[in-house]
Amino acid sequence: MMDTDELPPIPEIRKIAVIGAGQMGTGITQVATLAGYEVRLIDVNGEQLDKAKARIASHAERQQRKGVITEDERQRALSRVATSTSYAEVADCQLAIEAATENETVKREILRELVQHLPKAALIASNTSSISITRLAASTDRPERFIGMHFMNPVPAMKLVELIRGIATDEPTFLASKAIVERLGKTAVTAEDFPAFIVNRILLPMINEAIYTLYEGVGNVESIDTAMKLGANHPMGPLELADFIGLDTCLSVMQVLYEGLADSKYRPCPLLVKYVEAGWLGLKARRGFYDYRGEKPVPTR
C-alpha cells in the first residue's frame, strides 16, 4: 500500500470508467455523458454492453424529444460513451465507479483486477448500497483514494447520491467526489460507513416488514401496496418497490444488515428468501410479488 505522502495529486476528472453495465452502471453512464464526462463502460458480458448502449441511446432520444437536451447535445453525449469487455480500457481514466452486483466477493474480485490497469492517481468509487466501504477499500492498492458513491435507482431521475468515507478515505478524495456528484446535477449527503448507510438502513427494513405482513396473512399484495400508497402517501407500494429494486438485492441488503448489526429486527423474511430461491426476482425476472408477463401486473399472492 502506498504511503499517503507518496500519492500523486488527484488529477482533473475527464474520463470515468464505469464497471458493470446493468441498470445502475447504465444509469450512471447516462448522467455522466450528459454532464460532459467521457465514459468507458466495462462489462465481461458483451451482450449486456449492447443492451446498455441501446438503453443509453433510447434515454437520450427521449430527453431530446422532451426538449430537455438539444439534438447536438444528444449526439455529443452518445459520442462520449465507449464500451469494452477489457479492463485495459481504464488505463486513461481518472475515476472508476464499480457498479457490479451487490455481492462482496464479486466486487472484491473486480477491484483487484481494476487496480492493475488504473493509473495510480485515479480515484475509485463503489456504488454499493450496503457493503462496508472500509472492507472494499482494503482490497485495493489505494484505500485513501476509495469512497462509496451510492446512486439511487433509477439514476437519471433520482437526485440523491450517498457519499460514504471508509476509515482510510482522505479529505481530497471526499471533496473531489462531492464536486463530481454536483457536476452530475445530484445532491450529495454524507453517510457513515455502517451497514446499508442511510437510505437502505431505513427503506429495506420497511420493505422486509411489508413482506412479513404478507407472510403472516395480515394483508394480500394488493391491500398492502394500496394501504401504503393511500395511507402513507408513498408513490409506490413497498412490494411493488421491492420488485423494482430486485428481490435478490433486497435480500442481500437485509443479510448485510442482519449480519453487520446482529439485531433480530433485521432478519430477512422467510418469504423473501423463498421468492429469491424460486428465481422470482421481481421486474427483471418478470415475476416477483407481481407477475409481469401479461398486459398488466397481477399479484402472485
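Quick note: the coordinates plus some simple rules give every number you see, no bench work behind them. These numbers were taken from a predicted model, which means no experiment stands behind them. So basically every Cβ, Gly included, is an ideal-geometry build from the backbone, and we count neighbours across all protein chains shown.
Per the Kirkwood formula applied to alpha carbons, the range 71-171 shows a radius of gyration over Rh ratio, Rg over Rh, of 0.99.
Contact order for the chain, expressed relative to its length and based on alpha carbon pairs under 8 Å spaced 6+ residues apart, stands at 13 percent.
Cα convex hull of the range 1-154: mean projected area in nm², to one decimal? Can you show the working numbers first?
Details: hull surface 34.7 nm².
For the Cα atoms of the range 1-154, the hull's average projected area reads 8.7 nm².
Size of the range 166-301 from its Cα atoms: along the principal axes, largest to smallest, the extents are 50, 35, 30 Å. Remark on the chain: Rg and Dmax equal 19.7, 60 Å (Cα only).
Please order Met236, Met254 by the number of other Cβ within 10 Å, starting at the fewest.
Details: Met236 13, Met254 24.
The fewest-first ordering by Cβ neighbours comes to Met236, Met254.
Take the Cα of Ala91, go 7 Å toward its beta carbon, and the backbone nitrogen atoms of the range 38-56 under 17 Å from that spot belong to 40-42. Normalised radius of gyration (Cα atoms, divided by 2.2 N^0.38 Å) for the range 219-289: 1.15.
At most 13 other Cβ atoms within 10 Å plus a DSSP loop assignment makes a site exposed; report the longest stretch of the chain without any exposed GluC sites (Glu not before Pro). No qualifying site falls inside 13-191, the longest such stretch.
Over the range 151-197, consider all pairs of different Cα atoms and compute the Kirkwood hydrodynamic radius from their mean reciprocal separation; express it in Å, one decimal.
11.2
Diagonalising the gyration tensor over the Cα atoms of the range 89-135 and scaling each eigenvalue by 5 before taking the square root yields semi-axes of 19, 10, 9 Å, largest first. The long axis of helix 46-66 is offset from the longest Cα principal axis of the chain by roughly 80 degrees. Take the cross-link list Lys107/Lys296; Lys186/Lys284; Lys159/Lys229 and give me the ones stretching past 28 Å between alpha-carbons. Flagged as over cut-off: Lys107/Lys296. Annotation note: trypsin sites (Lys or Arg not before Pro) in the range 4-76 located in DSSP loop regions with a Cβ neighbour count of at most 14 within 10 Å are Arg14. Over the residues of the chain, the helix contribution to mean residue ellipticity at 222 nm works out to -13500 deg cm²/dmol, using -39500 (n - 2.57) for each DSSP H run of at least 4. Each of Leu257, Leu271, Leu247 was scored by other Cβ atoms within 10 Å of its Cβ. Listed from fewest to most, they are Leu271, Leu257, Leu247.
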